[in-house]
Amino acid sequence: MLVKQTVLQMALAHVPLARTRLNAAGVDARTLRGVEDLKSRVPLTMRRDVVDPVRNPDGPWAFVLQGTAEGVKRFSDRSVLFRVARARLLGGEEVQQLQIESASRSVHLHLAGGLGGPIPISYTRDDLDLLARAGARLAQLVGIDREDRLLNLVPFGPTIDYWGIFYMALGVGHTAVHTRHEDGYSDGGAATFAMMQPTAVAVPADEAAQFPETATEAGIDLSGLRTLLAVGRSLTKAERERVGEGLLAAGAAEARIAAAYGVAEGRVLWGECAVPAGKTETFGFHTYPDMEILEVVSPETGEALDEETPGEIVVTPLGFRGGGVPRWRSGDLALGGITTRTCPNCARDVPRVGPTVRRNAWQRRVTLNGSATRYDMRDTAALLAPRMNDWQVELASNGGQTDMFIYIAPKADDPGQVIGIYEEHVRWQVPPTQIVLASPEDVAAKRDATGGLFSRFAER
Ligand SMILES: [Zn+2]
């Protein structure tokens, strides 16, 4: 029911891109019955579908709810309608209008940067309540409670990393300072530390390993720290070791280490349950099954993968109305995939992703035809998968240059499609060095020789 409601809201009340894509696929959101229907009938959407002006002439703003009161009335669930009706009863038309706007007006945006430019991730006022609720669960998971004092050292910016922590603090209702802009926390940070004596810090995952040393060198007393929350990805075993040793050396004997991560174009931050400093186990990111539907698909074909199989994270947010599309392909790799087994550390039953997660896993810096640019191998995959019996893209570093070879075994015998593939890549500013027609057997042999998790993406 929530699936249908969510897709309806995205499609009809009114996120232009969601509507366009469902129409193009011939899907009437009113006929969706549940999760299986969603997975089998609703098309996947990825970054290229939003930022490429040919695929989306309306531009990235079509990702944002263009809400109307009429839309709220027609496509909201009963709890929203009830709230709106009650507001009118108790407060009159003006209060009712505020309630409608809470559900229909975009009030807060994240800008998910990446290839082709930023994508706006929009929240209504109601969505921000959900973000805070997710934050409260994240905090509980990582062992932060109302008594804690949090120093947020994630740099300010329009990102889920920063605002996810901000709304975590609101959701829990603990004391928090969000101090950081640009870089550096050793000066102001030391004074703030001494003043507020935080019991928890949130730091970017990339800086977590050196944090205890850096802080200690800056004269900061970490002995009262109970939780170090790394934000943005999971920590490696080596990083956990270093953080743990650093915290214990700084006298933080009670400290626990946790991590938080969310899909950049997603809605919420997920957390890993905390482990004591000195331990290096990790149990994956715990998700919120009532707030989103998760899938893991092959980055090569977009096909669903079995549980506990490495692949690309796909998210359908539930109940968030501010924008977005169903079945968003994140471009993030979950090594280990997704599991529904009970967490051996905290005994929660929610789906877990990971344990290791890598953002933009298939994006590479390449230098083609003398110009350096970024390239997402998934774009080639999405172009080729429907039309080929088999294929492989190969990136070969050649001095300061990159050679890109695309091997294709097409389904149809159409010489024009090679030109089409070439021109599409030129438009993405990644002209292939060569497109090679081959037999399915030859491509299969090349893939066998490549090996690895995703043998259609070869690198050497
Ligand atoms: Zn757990």
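The values are calculated or read from the model by the stated rules, or taken from the named source; none is laboratory data. From a predicted model like this one, the values you see are computed outputs, not experimental measurements. Here Cβ is always computed from backbone atoms with ideal geometry, including for glycine, and neighbour counts include all displayed protein chains.
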(request) Go through (1) surrounded by fewer than 17 Cβ atoms within 10 Å (Cβ to Cβ); (2) closer than 27 Å to P440 by Cβ one by one and return the number of the condition R378 breaks. (result) (1)
(request) Mind checking which strands (runs of 3 or more DSSP E) fall wholly inside segment 394-460 and carry at least 3 residues that are surrounded by 15 or more Cβ atoms within 10 Å (Cβ to Cβ) and touching a Pro at 6+ places or on another chain (Cβ under 6 Å)? (result) 401-410
(message) Looking at the structure I just gave you, is A259 within 14 Å of the ligand (Cβ to nearest atom) and either aromatic (F, W, Y) or within 23 Å of N152 (Cβ to Cβ) (or both)?
(response) yes
(request) Go through segment 275-304 and give me each residue that's touching a helix residue (DSSP H, G or I) at 6+ places or on another chain (Cβ under 9 Å), in a loop (DSSP other than H, G, I, E, B) and either away from the ligand (no atom under 11 Å from the Cβ) or closer than 19 Å to D37 by Cβ (or both). (result) A277, G278, K279, T280, Y288, D290, M291, S298, P299, E300, T301, G302
(message) Just to be sure before I move on: is R240 in a helix (DSSP H, G or I), basic (K, R) and away from the ligand (no atom under 14 Å from the Cβ) in the structure I sent?
(response) yes
(message) Any residue that is assigned to a strand (DSSP E or B), crowded, with 20+ Cβ neighbours inside 10 Å and polar (S, T, N, Q) - is there at least one of those in segment 356-373?
(response) no
(message) Looking at G284, G266, can you tell me which residue is on the phi > 0 side of the Ramachandran plot and within 20 Å of the chain's Cα centre (by Cα)?
(response) G284
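To keep it simple, each residue is scored yes or no on (1) over 30 Å from R427 (Cα atoms); (2) at pLDDT 95 or above.
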{"site": "V42", "(1), (2)": "no, no"}
{"site": "D49", "(1), (2)": "no, yes"}
{"site": "S79", "(1), (2)": "yes, no"}
{"site": "A87", "(1), (2)": "yes, no"}
{"site": "V95", "(1), (2)": "yes, no"}
{"site": "G116", "(1), (2)": "no, no"}
(request) Mind listing just one residue for me: the one in segment 356-373 that is of a type in the set (A, V, I, L, M) and in contact (Cβ under 8 Å) with a residue 60 or more places away in the chain and, of those, farthest from the ligand (Cβ to nearest atom)? (result) L368
(request) Name the residue, out of Q392, Q363, that is closer than 23 Å to D49 by Cα, under 19 Å from the mean Cα position of the chain (by Cα) and of a type outside the set (K, R). (result) Q363
(request) State which residue is nearest to the ligand (Cβ to nearest atom) when the search covers only segment 328-355 and only residues that are part of a strand (DSSP E or B) and free of Cβ contacts under 8 Å to residues at least 40 places away in the same chain. (result) A334
(request) With the checklist (1) part of a loop (DSSP other than H, G, I, E, B); (2) surrounded by 24 or more Cβ atoms within 10 Å (Cβ to Cβ); (3) modelled with pLDDT under 95 in hand, flag the one item V268 doesn't pass. (result) (3)
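Out of all the residues in segment 310-318, is one or more at pLDDT 95 or above and in a loop (DSSP other than H, G, I, E, B)?
Yes, because at least one residue in segment 310-318 is at pLDDT 95 or above and in a loop (DSSP other than H, G, I, E, B).
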(message) Restricting to segment 114-146, give me the number of residues that are assigned to a loop (DSSP other than H, G, I, E, B), surrounded by fewer than 23 Cβ atoms within 10 Å (Cβ to Cβ) and touching a residue at least 40 places away in the same chain (Cβ under 8 Å).
(response) 6
(message) Please go through (1) under 29 Å from the mean Cα position of the chain (by Cα); (2) farther than 15 Å from Q392 by Cα; (3) of a type in the set (G, A, S) for G416 and return the number of the only condition it doesn't satisfy.
(response) (1)
